[in-house]
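Peer 1: Following this message is one structure expressed as structure tokens.
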Ligand code: FES
């Protein structure tokens, strides 16, 4: 187990219950069966090694309202298929209420044609305070909640309340087709 995962994973057994680790692009792209697993594996050495490179994620296999969590370079990646209400909430937020102001659109990486798909939010699932893994569909802003010290994130993954200083990080990813992204 890497130091990074030890740090991020250790404080909350609760987050492990709904954790889906998909170690490689091949497995992630394999699809529905992967997403259906309630728990693929706890972080292990083999998965750690496999997760070192890039991962491909088929967004078409993630249902609306569903979040999948994968492991990439020792860190959890959250991919959430947001509901229309979550998107509307993210887009209408007054940035003056955000400790780390960022338009929702700035947190979405465009496709090759320049369009963005606001349904899919891809983030490094690590709290920017001390590195715990926030819980999804939780907190005062219907986004994520970090139980370690009480940081609340909204449906764009922006910190809204609590000690976390920054929004959850957006990893480097690209659309390699209309529905498949490559992280890393
Ligand atoms: S690590 Fe998340 S609030 Fe402290």
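Peer 1: Just one of (1) closer than 28 Å to residue 61 by Cα; (2) within 13 Å of the ligand (Cβ to nearest atom); (3) surrounded by 20 or more Cβ atoms within 10 Å (Cβ to Cβ) trips up residue 158, so point out which.
Peer 2: Among (1) closer than 28 Å to residue 61 by Cα; (2) within 13 Å of the ligand (Cβ to nearest atom); (3) surrounded by 20 or more Cβ atoms within 10 Å (Cβ to Cβ), residue 158 violates only (2).
Peer 1: Quick check on the stretch 132-140. Is at least one of its residues in contact with a helix residue (DSSP H, G or I) (Cβ under 7 Å, 6 or more places away or on another chain), assigned to a loop (DSSP other than H, G, I, E, B) and within 16 Å of the ligand (Cβ to nearest atom)? Talk me through it step by step, then tell me what you get.
Peer 2: Kept after step one, since they are in contact with a helix residue (DSSP H, G or I) (Cβ under 7 Å, 6 or more places away or on another chain), are these residues of the stretch 132-140: 132-133, 135.
Retained after the next criterion (residues that are assigned to a loop (DSSP other than H, G, I, E, B)): 132-133.
Checking which are within 16 Å of the ligand (Cβ to nearest atom) leaves us with 132-133.
Within the stretch 132-140 (the criterion being in contact with a helix residue (DSSP H, G or I) (Cβ under 7 Å, 6 or more places away or on another chain), assigned to a loop (DSSP other than H, G, I, E, B) and within 16 Å of the ligand (Cβ to nearest atom)), the answer is yes, since at least one residue qualifies.
Peer 1: Out of the residues in the stretch 142-152 that are farther than 13 Å from residue 82 by Cβ and either touching a residue at least 24 places away in the same chain (Cβ under 8 Å) or over 16 Å from the mean Cα position of the chain (by Cα) (or both), which is farthest from the ligand (Cβ to nearest atom)? Break it down stepwise before answering.
Peer 2: Initially, the stretch 142-152 is screened for residues farther than 13 Å from residue 82 by Cβ, giving 145-152.
Adding the requirement that they be either touching a residue at least 24 places away in the same chain (Cβ under 8 Å) or over 16 Å from the mean Cα position of the chain (by Cα) (or both) leaves 147-151.
On the way: 147: 8, 148: 4, 149: 3, 150: 6, 151: 4 Å.
Top of the filtered list is 147.
Peer 1: Can you tell me which residue in the stretch 117-131 is farthest from the ligand (Cβ to nearest atom), limited to those that are in a strand (DSSP E or B) and free of Cβ contacts under 8 Å to residues at least 60 places away in the same chain? Even if it seems obvious, please write down each step before you answer.
Peer 2: The first filter runs over the stretch 117-131 and keeps only residues in a strand (DSSP E or B), leaving 120-124.
Now restrict to residues that are free of Cβ contacts under 8 Å to residues at least 60 places away in the same chain: 121, 123-124.
Numbers: 121: 18, 123: 14, 124: 13 Å.
Here the residue is 121.
Peer 1: Quick test of your reading of the structure: residue 114 fulfils all but one of (1) surrounded by 15 or more Cβ atoms within 10 Å (Cβ to Cβ); (2) within 24 Å of residue 56 (Cβ to Cβ); (3) free of Cβ contacts under 8 Å to residues at least 60 places away in the same chain; (4) away from the ligand (no atom under 16 Å from the Cβ). Name the failing condition by number.
Peer 2: (1)
Peer 1: Any idea which of (1) touching a strand residue (DSSP E or B) at 6+ places or on another chain (Cβ under 8 Å); (2) over 19 Å from residue 55 (Cα atoms) is the one residue 179 doesn't satisfy?
Peer 2: In the conditions (1) touching a strand residue (DSSP E or B) at 6+ places or on another chain (Cβ under 8 Å); (2) over 19 Å from residue 55 (Cα atoms), residue 179 misses (2) alone.
Peer 1: Given (1) outside any strand (DSSP E or B); (2) modelled with pLDDT of 95 or more, where does residue 178 come up short, assuming only one miss?
Peer 2: Condition not satisfied by residue 178: (2).
The values are calculated or read from the model by the stated rules, or taken from the named source; none is laboratory data. Only a predicted model underlies this, so the values are computations on that prediction, with no experimental measurement involved. Using ideal geometry, Cβ is built from the backbone for each residue, glycine included, and neighbour counts are taken over all protein chains shown.
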